[in-house]
Amino acid sequence: MVFVTLIFCYNLIKECDCMKIFFGVEIKIMADQFNKDDILFMREALSLAERAQQLDEVPVGAIVVSGGQVIGRGFNQREMAQNALLHAEMIALDEACKNAGSWRLPDATLYVTLEPCPMCAGAMVLARVSKLVYGTADPKSGAAGSVMDICRHEKLNHRMLVISGLLAEESAGLLKNFFVKKRNNKEIVDE
Ligand SMILES: [Zn+2]
């Protein structure tokens, strides 16, 4: 009986976004439980990360989706522009706000290949993004649960649902290959 109740509660929390936020839990959903659209959108974020890599940038890609449509795309351009603000998520959010004609993106989901840093997580809170889906975690500067949790901070005026681990191996693989190559060439790149 206790077991059945536990399964029921787990499924209830898993199925309901509001419950997930209320309980402050991040349900680790296996890749085969993401829907087809999630995988499609993360694949697009991955292809943007590959574009960054081709331009010798740390390979991170992001897209913003609202109403089933992509309204913002971005890939890391920090080195090219010599601008610390030009992370993939910031560029995608900038384009999304322009397309939406609003700084508020309350129905938007942001897909990004790497867990966002504090700046990008802060920008998502400010834009009232409702959901973050990221690929691989960033134990050094992740602000969606790894180092800190700006996306679900109880004292901020907005919190979002966070789901992680979608196409994580591909996202991590891109980053790993990039930094191995840099180390082999003895180039110094900040992660
Ligand atoms: Zn960032």
Within segment 99-107, does at least one residue satisfy the condition of being more than 20 Å from Leu167 (Cα to Cα), more than 11 Å from the ligand (Cβ to nearest atom) and part of a helix (DSSP H, G or I)?
yes
When segment 72-96 is examined, which residues are found to be more than 14 Å from the ligand (Cβ to nearest atom), surrounded by 19 or more Cβ atoms within 10 Å (Cβ to Cβ) and either in a helix (DSSP H, G or I) or hydrophobic (A, V, I, L, M, F, W, C) (or both)?
Ala96
Selection status of Val147, within 14 Å of the ligand (Cβ to nearest atom) and farther than 14 Å from Ala62 by Cβ:
yes
So Gly173 ticks every box in (1) assigned to a helix (DSSP H, G or I); (2) within 13 Å of the chain's Cα centre (by Cα) but one. Which box is left unticked?
(2)
Across segment 108-122, which residue is nearest to the ligand (Cβ to nearest atom) among those that are surrounded by 19 or more Cβ atoms within 10 Å (Cβ to Cβ) and not hydrophobic (A, V, I, L, M, F, W, C)?
Pro116
Among Met160, Met124, which is the only one that is in contact with a Lys or Arg (Cβ under 7 Å, 6 or more places away or on another chain) and of a type in the set (A, V, I, L, M)?
Met160
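A short reminder: the numbers here are calculations on the coordinates, not readings from a lab. The shown structure was predicted, so the numbers you read here are calculated from the model rather than taken from an experiment. So basically every Cβ, Gly included, is an ideal-geometry build from the backbone, and we count neighbours across all protein chains shown.
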